[in-house]
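Engineer: One structure follows; several queries about it will come next.
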Amino acid sequence: MAALNVASVNVARWSALAFGVFYGYSRQRSLTLHVKEQNEEKEFRAYADLVEEAKVAFEAAYNREQAVKAAPYGIVIDSESYKFNGDKWLDFAVSQTK
């Protein structure tokens, strides 16, 4: 009877060990995937921020270029200025595309 009890205990121990190894492997894999997804998201946000900065820089350079072209005609390009005239700006923009 004692031998049966020892065998049962050994089976339980090996089963617990196998379960622990399986749980550890699956937990490590899920944590690794989570960290990888966070890193990819962080890289994507950094790239998106760089693209946005480039768009802003291009827009500023383009507006400066347009302001230099429009200055001899007395046209204000900045739409926030109180001197901005939408009709004059639109006529100027159309004339630049021809």
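Engineer: I need the calculated FRET efficiency for the pair Gln96 and Asp49, taking r as the beta carbon distance and R₀ as 25 Å, to the nearest 0.05.
Structural biologist: Efficiency at R0 = 25 Å is approximately 0.20.
Engineer: Over the chain, with a Gaussian network built from C-alpha contacts below 10 Å, which listed residue (Asn63, Asn39, Asn85) shows the highest mean-square fluctuation?
Structural biologist: Largest GNM mean-square fluctuation: Asn85.
Engineer: Which whole-number percent gives the relative contact order of the chain, counting Cα pairs below 8 Å spaced six or more residues apart?
Structural biologist: 11 percent
Engineer: While we're here: Per the Kirkwood definition applied to all pairs of different Cα atoms, how many angstroms is the hydrodynamic radius of the chain?
Structural biologist: Averaging 1/r across every pair of different Cα atoms and inverting gives 20.1 Å.
Engineer: For the chain, report the accessible area per residue in Å² (1.4 Å probe, heavy atoms, rounded to an integer).
Structural biologist: 90 Å²
Engineer: Out of the total accessible area of the range 54-98 (probe 1.4 Å, heavy atoms of protein only), what percent is carbon and sulfur?
Structural biologist: 58 percent
Engineer: Averaged over every viewing direction, what's the projected area of the C-alpha convex hull for the range 22-61? Give it in nm², one decimal, please.
Structural biologist: The number I arrive at for the range 22-61 is 2.0 nm².
Engineer: Now for a separate question. Round to the nearest 10 and report in Å² the accessible area of Lys55, as given by a 1.4 Å probe over the protein chains' heavy atoms.
Structural biologist: Answer for Lys55: close to 120 Å² accessible.
Engineer: Which one of Val56, Ser30, Val76 has its Cα pushed farthest toward the positive end of the charge dipole of the chain, where Lys and Arg give +1 and Asp and Glu give -1 at the Cβ?
Structural biologist: Final value for the positive-end residue is Ser30.
Engineer: The range 23-98: which GluC sites (Glu not before Pro) are DSSP loop and have at most 10 other beta-carbon atoms within 10 angstrom?
Structural biologist: Glu80
Engineer: Using only the heavy atoms of the protein chains and a 1.4 Å probe, how would Trp89, Trp14 rank by accessible area, largest first?
Structural biologist: Listed by decreasing accessible area, they come as Trp14, Trp89.
Engineer: How large is the charge dipole for the chain, taken about the Cα centre, if only the Cβ atoms of Lys, Arg (+1) and Asp, Glu (-1) carry charge, to the nearest 20 debye?
Structural biologist: Computed charge dipole of the chain: roughly 540 debye.
Engineer: Related question: Provide Phe92, Phe84, Phe44 ordered by accessible surface of protein heavy atoms (probe 1.4 Å), highest first.
Structural biologist: Phe44, Phe84, Phe92
The values are calculated or read from the model by the stated rules, or taken from the named source; none is laboratory data. As the structure is a prediction and not an experimental result, all values here were calculated from the model. All Cβ positions, even for glycine, are placed from backbone atoms using ideal geometry, and neighbour counts span all protein chains on display. For the accessible areas, the whole protein counts, side chains as well, though only heavy atoms, and no ligand, DNA or RNA atoms are used. Shrake-Rupley method; radii C 1.70, N 1.55, O 1.52, S 1.80 Å.
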